[in-house]
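Written out below as structure tokens is the structure these notes cover.
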Amino acid sequence: MLSFEEARQKVISVVRERGARAAHDVVEIGRGFGRVLAEPVLADRDYPPFDRSTRDGYGARSADVAKPGASLELVGEIKAGDTFSGTLAPGQCVQIMTGAALPRGADAVVMIEHTRPEGKRVHFERAGEPGQNVVPRGSEAREGQTLLEPGAHMGYAELALAAQVGKIRFDVFRRPRVAILSTGDEVVPMEAQPGPFQIRNSNVLSLAAQSALAGAEPLPLGNAPDHPGALRVMIEQGLSADILVLSGGVSVGKYDLVESVLRELGAEFFFDAVAIRPGRPAVFGICRNKFVFGLPGNPVSTMVTFELFVVPAIDWLGGAEPRPLPLFKARLAAPVHQKAALTHFLPAELAWEAGDPVVRELPWQGSGDIVAVARAACFLVVRPEKLELAGGDWVDVLPRRGLY
């Protein structure tokens, strides 16, 4: 049985080898958030386009303020967006505001807090040096420089950068379409009143949300009953998308029909179990040139396995490099004990104490306990080589996507 790292790498290698990148769309910048860039974004000029003051103060020649106690003639004022038409002569200074362009002849800005104006003269109580409180022209970027590469995810900083260089529309990769199908006779629609032994269909909704967070276009298909013919029809419908994600029906029970129906449709499987809890009976394959993931039906298992295995496929098909799993280290608040030699993903809460992240396992009732996950900020990762963890140990933490 594969470890989760091996299974995840298998997904990435298969999708790289056999997956076609999505077509391009052109979007206006206001609709670009969360999209994946399909063309480079270049600097349209030097940035900053002038020597820029980073402080309110006085622009001067550094040679004139090399020592404290200098007294210079005040010959003007420059605010952001204005210009100074002349050239600063020796013995002169100008008042300058944050963001304004340094006048010709000046090469330093002394903060206003370190000066004392007196009529048409300014006394400098501290020395200045070349480049002090100045961002030189072109030090952030040069005209024509590539600022964003194809494959970049357009977050708020990337959108601001595109706006700064006047790139108000750009090519992006089309979002991969993810068809989502739950299975099981016990599953009823969310709006229905369930019987005493039925459950509402929460998986389709959570998987659609996870797909959208990962950058895909979710296509919820509803629920398939535990009947091979009906399941086949709905799977064939889902194979029109780029990725088909099924929840439930992938274990070894009498009514776990997903793998057998996919085999009848010609599927090729790369794994059908992973050494994790929750989520052990996870399936990955290709059917009719479409990627198929069969995830366990219990909601927590579904959420964990989607993050581990489906997200990197969405990344690649959507034009980006698969993002590393966003694990980080935290200090364990209390001992944790697990028995099965698997990698465990335990719902947990996170706090910061004395500057360190501290993680604590939440009480939970197994892979069907959505209540615990809704209270959790992350999953505490317990690895098979160390199932007994003491309070204070440093452990891996997987944050819930969208919370951090």
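Using just the helices of the chain, give the 222 nm mean residue ellipticity in deg cm²/dmol: DSSP H runs with n ≥ 4 each add -39,500 (n - 2.57), and the total is spread over all residues, rounded to 500. Write out the running numbers ahead of the final one.
Numbers: 8 runs with 74 residues, N = 404.
Taking each H run of at least 4 residues, the total per residue is -5000 deg cm²/dmol.
With r defined as the distance between the Cβ atoms of M1 and E388 and R0 fixed at 25 Å, what FRET efficiency is calculated, to the nearest 0.05?
On the way: r = 22 Å, r/R0 = 0.88.
So the FRET efficiency works out to roughly 0.70.
From the backbone phi of region 161-172, what are the Karplus-calculated ³J(HN,Hα) couplings (6.51 cos²θ - 1.76 cosθ + 1.60, θ = phi - 60°) in whole Hz, Gly and Pro given as x?
5, 4, 5, 4, 9, x, 8, 8, 8, 7, 7, 10
For K290, list the lysines whose Cα falls under 27 Å from its own Cα; do not include residues on the same chain fewer than 8 positions away.
Leaving aside lysines fewer than 8 places away in the same chain, those within reach of K290 are K10, K254.
Under a cut-off of 24 Å between alpha-carbon atoms, report the lysines in cross-link reach of K386, not counting same-chain residues fewer than 8 places apart.
Correct list for K386: K329, K339.
Can you list the residues of region 112-149 with backbone N under 17 Å from a point 7 Å past the Cα of E39, pointing along Cα to Cβ?
Within reach of a label on E39, which here means backbone N under 17 Å from a point 7 Å along Cα→Cβ, region 112-149 contributes 144-149.
Residue-wise, which Karplus ³J(HN,Hα) couplings in Hz belong to region 215-231, taking 6.51 cos²θ - 1.76 cosθ + 1.60, θ = phi - 60°, and x for glycine or proline?
The phi angles translate into x, 9, 9, x, 10, x, 10, x, 10, 9, x, 7, 9, x, x, 5, 5 Hz.
Between A70, A390, A348, which gets the highest mean-square fluctuation from a Gaussian network model of the chain, Cα cutoff 10 Å?
Result for the chain, Cα springs under 10 Å: A70 fluctuates most.
Among the DSSP beta bridges whose two residues both lie in region 70-190, what percent are antiparallel, rounded to the nearest 5?
60
Out of residues 5 or more away from F291 or on other chains, whose amide H comes under 5 Å of its own, with H placed 1.01 Å from N in the peptide plane?
Here the answer is L244, since their amide H atoms fall under 5 Å of that of F291.
Can you tell me, using C-alpha contacts under 8 Å and at least 6 residues apart, the relative contact order of the chain as a whole percent? All intermediate terms of the calculation are to be shown ahead of the outcome.
Values: 932 pairs, mean separation 65.1, N = 404.
Reported as a whole number, the value is 16 percent.
How large is log10 I(q)/I(0) at q = 0.13, 0.14, 0.22, 0.27 Å⁻¹ when the Debye formula is applied to the Cα atoms of region 153-217, each weighted equally and without solvent?
For region 153-217, the Cα-only Debye profile gives -0.57, -0.61, -0.94, -1.11.
Please report, in debye to the nearest 20, how large the charge dipole of the chain is about its Cα centre when each Lys and Arg carries +1 at its beta carbon and each Asp and Glu carries -1 there.
Numbers: 43 positive and 48 negative charges, 31 e Å.
Using Cβ point charges on Lys, Arg, Asp and Glu, the chain gives about 140 debye.
With mean projected area of the Cα convex hull in nm² defined as stated, name the option among (1) 30.3; (2) 26.5; (3) 58.9 computed from the structure displayed.
Label (2) holds the value from this structure.
Among the trypsin sites (Lys or Arg not before Pro) within region 225-286, which fall in a DSSP loop and have no more than 10 other Cβ atoms within 10 Å of their own Cβ?
Details: sites: R232, K254, R263; in loops: K254.
Passing both the DSSP loop test and the Cβ count: K254.
For a quick check, take a GNM of the chain with Cα springs below 10 Å and name the residue from P384, P347, P49 with the largest mean-square fluctuation.
Evaluated over the chain, the most mobile residue of the options is P49.
Lysines within cross-link reach of K67: Cα-Cα under 25 Å, excluding same-chain residues under 8 positions apart?
K120
When DSSP beta bridges are limited to those with both residues in the chain, what percentage is antiparallel, rounded to the nearest 5? Intermediate results must be reported in sequence, preceding the final value.
Details: 57 of 86 bridges.
Percentage antiparallel, nearest 5: 65.
In whole Hz, with x marking every Gly and Pro, tabulate ³J(HN,Hα) for region 321-326 from phi via Karplus 6.51 cos²θ - 1.76 cosθ + 1.60, θ = phi - 60°.
6, x, 6, x, 4, x
Read-outs: derived from the displayed coordinates by stated rules, not from any lab. Everything quoted here is computed from the prediction, not taken from an experiment. When we count neighbours, we look across all protein chains shown, and the Cβ atoms used for this are built from the backbone with ideal geometry, even at glycine.
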